[in-house]
Amino acid sequence: MGFAEFIGNHETIERVREMLARARFPHGVILSGPAGSGKYLLTQMIAKTMNCLNPPPGPLPDFCGVCTSCQEIAAADDFETKFEEAVEAREGLRETDKKETRIFLQTHPDVLIIPPDPPQMMIKVDQVRHVIANIYKRPRMGKHSIFIFTTSAMMKEAANSLLKVLEEPPEYATLFLLTTNPGEFLPTIRSRCITLQLAPLQPQEIESLLAKRRFDWPAPTRSLVSRLSGGAVGRALSFDLETYTAARKDALTLLNSALTAQDHSDLFRTTEGYRAGAEGKAKTDQLLRAIYTLLEDMLYLKSGTPQLVRNADIAPEIAKLAALTDFEWLAAASQRLGEVEAGMRRNVLRSLSLDAFAAALERQPA
Ligand SMILES: [Zn+2]
C-alpha cells in the first residue's frame, strides 16, 4: 500500500510527497498526462494521504490504505464503474429531476469528484456551482477538502466560475484539474495553478511491467501492447487488443477509402456500424484513437523514424498508405480528426461526421 505502488514518474511522485510534507499544499493543481498514465490514481493517493487517520511513519508522507478514511476514498478508486453507476442513477430519475441533476462521485465527505457530464461529456456550470457551495464549508473530517475535476473539457461558463474559485480558495481546500492537454484550460486558470506532468513511460519499461503483471499474454502481444499503450501504465494493463484490432481494421478501411478508392461502398458499410448513444460513442472513440495512431505511425515512417511505429505488426501495410500521403495531408488529416472529435462532443450524428471526415481527406488529383 502507499505511493510505492505508483509505477514510473518517480520524480513527480517525490515532488508531490515533498509538497505534502510542507504545511501548505497548493490550492490549484493541474495534473497532465496521457490517458491511462495514472492521473486519477495519483490524486486518489494524494487525497488518501491528506486525510489518512493512521499515516505510516517514514521520511515522506504516505497513506495506510486501511483506515476508514482511506477506505472511503478507495471506494471511488474504480472511476469508470462509479461513473457508470452515477449516470445510470440519473437515468432512473423523473424527467424533470434528470434535467437538474448533475453527475458527481463522492464516497468520502471531504473528497468530491467532478466528472464530465453526459451527453456532452463536459464540465457544466451547475457542477462548478455545486463545488462553490461546498468549498467554503470546513472539511467535515477536519483535515483537507479535495475537489477532483477529471477532465479539462468545460463549458465556457463553467470555466469562468472555476476561475473565480481559484482566485480565492479557502486554505484547507485543493482543486485538482486532470487533463491530457493543459493548453485546454484558460490561461488565467493555468496561471493560478501549479502544473504537474506524468510523462509516458518507455515501451521497454511497459513491456517489463507486462511481463510481470500480464504473464498470461503471449510475448508478441505484450510487445505490441507496450507500443500501442502510448507509455500509459493503466492503458497497457487493461489493453483490449481484440477491440483495438477491430477498430483498427475499420480505421484502415476509412483511410484506404480516402486515399485510394474510387467507390466508397466499403467506407459507407463501415461507418454504418457507428451509431449514436453511449455504446456508439465508445466504439467511435476507439475508432478515432486507432485512426490517430495510424496517422502518427505514417508520420514516423515519413520522417525516417520507423522504430517509433506503434502498430508494428502491420508496418508494411502502413508504409503502403504512407507512400500515398505527404506531410501536408497528414497535418490536414489530424486537424480534421480533431474536428470530428469536437463534433462528437456536440453530439453530431456520428456516422454522418465520419463519412464527412473520410470525404474531406480524399486526395485531390494533382
Ligand atoms: Zn489511512
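Brief remarks follow.
- Condition met for A89 (more than 21 Å from N9 (Cβ to Cβ), open to solvent by less than 20 Å² (accessible area, probe 1.4 Å) and outside any strand (DSSP E or B)): no
- One residue from P59, P119, P109 being of a type outside the set (F, W, Y) and over 26 Å from the mean Cα position of the chain (by Cα): P59
- Residues being open to solvent by less than 70 Å² (accessible area, probe 1.4 Å), in contact (Cβ under 8 Å) with a residue 40 or more places away in the chain and under 21 Å from the mean Cα position of the chain (by Cα) are entirely absent from region 253-260.
- Taking first residues from region 78-96 that are in contact (Cβ under 8 Å) with a residue 12 or more places away in the chain and partners that are surrounded by 12 or more Cβ atoms within 10 Å (Cβ to Cβ) and of a type in the set (V, I, T), the Cβ contacts under 6 Å between residues at least 6 apart in sequence or on separate chains come to A86/I103; R90/T101.
- Among the criteria (1) closer than 16 Å to I13 by Cβ; (2) away from the ligand (no atom under 16 Å from the Cβ); (3) surrounded by fewer than 16 Cβ atoms within 10 Å (Cβ to Cβ), the one R94 does not fulfil is (1).
- A76 falls short on exactly one of the conditions (1) open to solvent by 10 Å² or more (accessible area, probe 1.4 Å); (2) in a loop (DSSP other than H, G, I, E, B); (3) closer than 19 Å to A35 by Cβ, and that condition is (1).
- Test: T270 is more than 21 Å from L308 (Cβ to Cβ) and crowded, with 17+ Cβ neighbours inside 10 Å: yes
- Residue selected from region 31-68 under the condition in contact with a strand residue (DSSP E or B) (Cβ under 6 Å, 6 or more places away or on another chain) and farther than 19 Å from P170 by Cβ, by the criterion farthest from the ligand (Cβ to nearest atom): S32
- Condition check for P115: open to solvent by less than 20 Å² (accessible area, probe 1.4 Å) and not acidic (D, E): yes
The values are calculated or read from the model by the stated rules, or taken from the named source; none is laboratory data. Note that the structure is predicted; figures quoted are calculated from it, not measured. Neighbour counts are summed over all protein chains in view; Cβ atoms, including those assigned to glycine, are modelled from backbone coordinates with ideal geometry. Heads up: the accessible areas ignore ligands, DNA and RNA and are worked out on the full protein's heavy atoms, side chains in. Shrake-Rupley method; radii C 1.70, N 1.55, O 1.52, S 1.80 Å.
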